[in-house]
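Values quoted throughout were computed directly from the atomic coordinates according to the rules given, and no laboratory measurement underlies them. Just so it is clear, the structure is predicted and the values come from calculations on it, not from any experiment. Cβ placement follows ideal geometry from the backbone for every residue including glycine, while neighbour counts extend to all protein chains displayed.
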Amino acid sequence: MSRINRRRFLSSSAAAIGAGAAAASASAKAPEILVRRPHPCVVSSANGYPHCTSKAMEGIIAGKPVVDAVVEGVTLVENDPKDMSVGYGGLPNEEGVVQLDASVMDGVSCLSGAVGCIENIKNPAKVALHVMRYTDHCLIVGEGAKRFAKAHGFKEENLLTERARKAWLRWKASLSERDDWFPKDTGRADPDLEKVKGTYGTINCNGVNSEGDVAGVTTTSGLSWKIPGRVGDSPIIGAGLYVDGDHGAAGSTGRGEANIISCGSFSVVEAIRKGMHPKDACVYAARNIVRLTRAKHLVRKDGKPNFNVKFYAVDKKGRHGGAAIWSGGKYAAFDADGNRRIDFAYALER
Ligand code: ASP
């Protein structure tokens, strides 16, 4: 695993700032270009720490397009069978089939690409990048997405790990006592499944380089045990991801349906565009979901949402933030202070 060392990161961003200053002094008559360049910065959901954020930063420092750097970062998590919310090893739908969603968006070209409900392809974020680069479309789903990926050389493979299959079977067999499926309960819990939580999980990663180029990616196996064909927020531009090349990038994890209804990531970036710090913009989007959550099955007795949604954002200046509906938890960030996890801001205190 390649890791980026903090000293190399700092000297590289300092060099970028130095280069900006040198260019500025060469044309002293144009004071408007005496602008401090942003520090490169990457944010992701907590499951991106430390490897995804490190890989993405390494790509940015190496001068790769930010959109490629963030996709390389999340690819590590898609390939990791231990992360059961993304790519290979992700939890399946109610029929035991792994269906993946992903999107990318690039602030430089102002283009996006996405796939929904793709099966048997391990790296949907890379397929989304191909949709962005090699088609005039924004979203390809299901069988068509798989055929598109295969046409571009992606291998078809089984994504259902033994652990994910066992977790699905446990869920299926304990759904009801009035069906013909018996739980395989030997009296002892399966230690392999002890930490399998199920339901939600995704990775979002957004980055900015020293030029102020911004991009983001979101990739997921979606809601576990979902109805086959269900598409979450992750491949929906404006919901699970949004990038405005002039202002910033934001993405989200958590209950996708709430995020689709509120255009969550779009509202974060719009708030940044209107002048908010990325952290406040994320709180704003989380509060918006609280405001728009009314259906009985989605609220607790006190009227507050019975689920969580989390936002992650960077702006063109190299500032970042993360916020959730409910207090607690952390997001990952790699900036001038290093690769680390940071407490979320929040809309509601637990
Ligand atoms: N947002 C994802 C979805 O609804 C799940 C998650 O992030 O936990 O598909």
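Were the residues from residue 273 through residue 257 laid out at 0.36 nm apart, the gain over their Cα-Cα distance would be 3.3 nm. Ordered by the count of other Cβ atoms within 10 Å of each Cβ, fewest first, 257, 156, 349 give 349, 156, 257. Rounded to the nearest 10 degrees, the angle from helix 51-61 to the longest Cα principal axis of the chain is 30 degrees. Ordered by the number of other Cβ atoms lying within 10 Å of each residue's own Cβ, fewest first, 262, 234 fall into the sequence 262, 234. In this calculation the C-beta distance from residue 151 to residue 176 is compared with R0 = 56 Å, giving a FRET efficiency of 0.85.
Across segment 331-337, coupling constants 3J(HN,Hα) worked out from phi with the 6.51/-1.76/1.60 Karplus curve, θ = phi - 60°, read 10, 9, 9, 10, 9, 4, 8 Hz, and Gly and Pro carry x. Each label was represented as a point 7 Å from its Cα along the Cα-to-Cβ direction; for residue 62 and residue 292 these points are 3.8 nm apart.
Going by neighbour counts of Cβ atoms within 10 Å, the residues 337, 315, 68 line up, fewest first, as 337, 68, 315. Under 21 Å Cα-Cα from residue 150, which lysines qualify once same-chain neighbours fewer than 8 residues away are excluded? Result set, ordered by chain and number: 122, 126. Here the Kirkwood formula, the inverse mean of 1/r across different C-alpha pairs, assigns segment 42-106 a hydrodynamic radius of 12.5 Å. Considering the dipole of the chain built from charges on the beta carbon (Lys and Arg +1, Asp and Glu -1) around the Cα centre, which of 42, 229, 86 is farthest to its positive end? Final value for the positive-end residue is 42. Full extension of the chain between residue 301 and residue 211 gives 27.6 nm of extra length, using 0.36 nm per residue less the Cα-Cα distance.
Given +1 at the Cβ of Lys and Arg, -1 at the Cβ of Asp and Glu and no other charges, the dipole of the chain around its Cα centre is 800 debye to the nearest 20.
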